Amino acid sequence: MPILSLIYYYFYYPNIKRYNNNNNNNDEIIEQEKGVGGGKSHQAQISSCNNPLCIRCVRYGYLQKNAKSKLSWILWDFKTRSPSKFSSLNQRIPNSIQQHIGSSDGSSRNSNSNSNSNNNNSSSPLLLQDPTVLMVSDLPSKEIITDWHQNTCEYLSQRPTRRIVFDALQSLCLYGDYDGWGDNDWTENDSPHGQSWKVFHILNQGSWNPILLDEDEHVDNNNDNTACQKNTKLLLDLARNIPGLLDNCIFGNIFISKIYPGTKIESHCGPTNVRHRLQFLLKMPDKSSSSSSSSSELFLSVGNEKISYWDVHRDLFIFDDSFFHSVTYNDHDDETQMIKEEPEQARIVLIIDLWHPNLQDMEKTLLQQLYPPFTTSSDSKKIS
């Protein structure tokens with residue numbers, strides 16, 4: 001047997017086998033993560049959920065360990081298949097993974113998480129940016145980075161994005177002339193204080209929503225199947241062709257987010273600084289409604305930035321969600337701040353995760369292999 005084959009057999013193959021076994025035992029991994037430090041990190045103490053599938057709040061420890069265990073053989077494979085491309089690979093991702101110093105309870109994650117030489121903020125990054133899974137050094141960062149993704153902004157703005165989204169939701173009886181807009185069919189996303197944050201997933205932790213892929217089994221008998229298939233296909237085509245879409249990776253999501261007055265999504269960080277999060281306004285609260293309050297307050301805080309200007313003329317922005325961020329939707333006329341799930345008062349946005357534009361193509365491939373989409377036999381409905 002040739003020397004190279006022997007090396008492959010004794011070192012590479014066992015790692016591939018272990019990797020495949022890891023992917024085939026996700027339910028077992030979930031149980032381990034639930035019992036080992038889930039939600040105990042510094043970030044999770046600020047805002048965390050109890051969803052056992054959440055990579056931000058619970059599964060970050062497994063992802064870190066698994067990526068570190070796979071790193072050497074994936075790099076070896078890259079080098080074997082394409083030595084010239086491998087020689088040009090930026091080493092910041094491998095270095096960041098190898099420098100991880102996480103403890104068993106997840107209380108410390110990245111040795112470089114508190115330093116970013118290209119951070120444009122004068123404030124200490126320690127107070128602003130602390131992703132739970134992967135902090136890659138030497139990536140430029142600032143809170144609002146809409147101008148870094150002009151192709152994506154133009155793609156969504158030049159297409160009938162709102163109509164495509166709402167036509168698909170109406171076909172699935174999730175929006176329109178239905179009692180409560182079919183709210184029971186939206187997912188109540190986890191939040192620490194039981195706030196009303198409802199989502200519908202198009203892409204969830206790297207996996208496409210099977211309802212959209214196989215809508216025939218989920219169509220209401222009163223709907224025209226052909227129209228439903230057409231509308232969901234248009235939505236999937238729109239989503240799959242988004243420039244810069246973070247795809248084939250557990251860090252990637254596309255979902256529709258809906259909140260009501262009285263909701264506060266507490267301060268938290270996303271899992272990594274290799275992704276940027278886009279918000280595209282689909283619907284603002286109806287100010288003409290008799291129940292609408294002119295004193296309502298709706299804003300997003302990201303690091304030191306505060307965004308409160310959602311309107312039809314400024315309907316799209318992109319931020320780095322590895323910075324601490326929160327959403328507040330207050331109604332100052334209501335002293336109780338009880339949540340009012342009135343359809344006309346919902347703020348609805350389309351949220352899309354994008355690759356950091358400074359990443360090399362080979363770095364994206366590396367990340368896709370280190371952090372592949374998460375699938376489980378359980379019903380995975382929450383986002384991270």
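Tell me yes or no: at least one residue of segment 144-158 is at pLDDT 90 or above, surrounded by fewer than 16 Cβ atoms within 10 Å (Cβ to Cβ) and outside any helix (DSSP H, G or I).
Yes, segment 144-158 has at least one match.
Which ones in segment 82-117 are assigned to a helix (DSSP H, G or I), charged (D, E, K, R) and modelled with pLDDT under 95?
Of everything in segment 82-117, just one residue is assigned to a helix (DSSP H, G or I), charged (D, E, K, R) and modelled with pLDDT under 95, namely K85.
The values are calculated or read from the model by the stated rules, or taken from the named source; none is laboratory data. Here the structure is a predicted model, which is why all the values come from computation and not from measurement. Every residue, glycine as well, gets a Cβ built from its backbone with ideal geometry; the counts of neighbours run over all protein chains shown.
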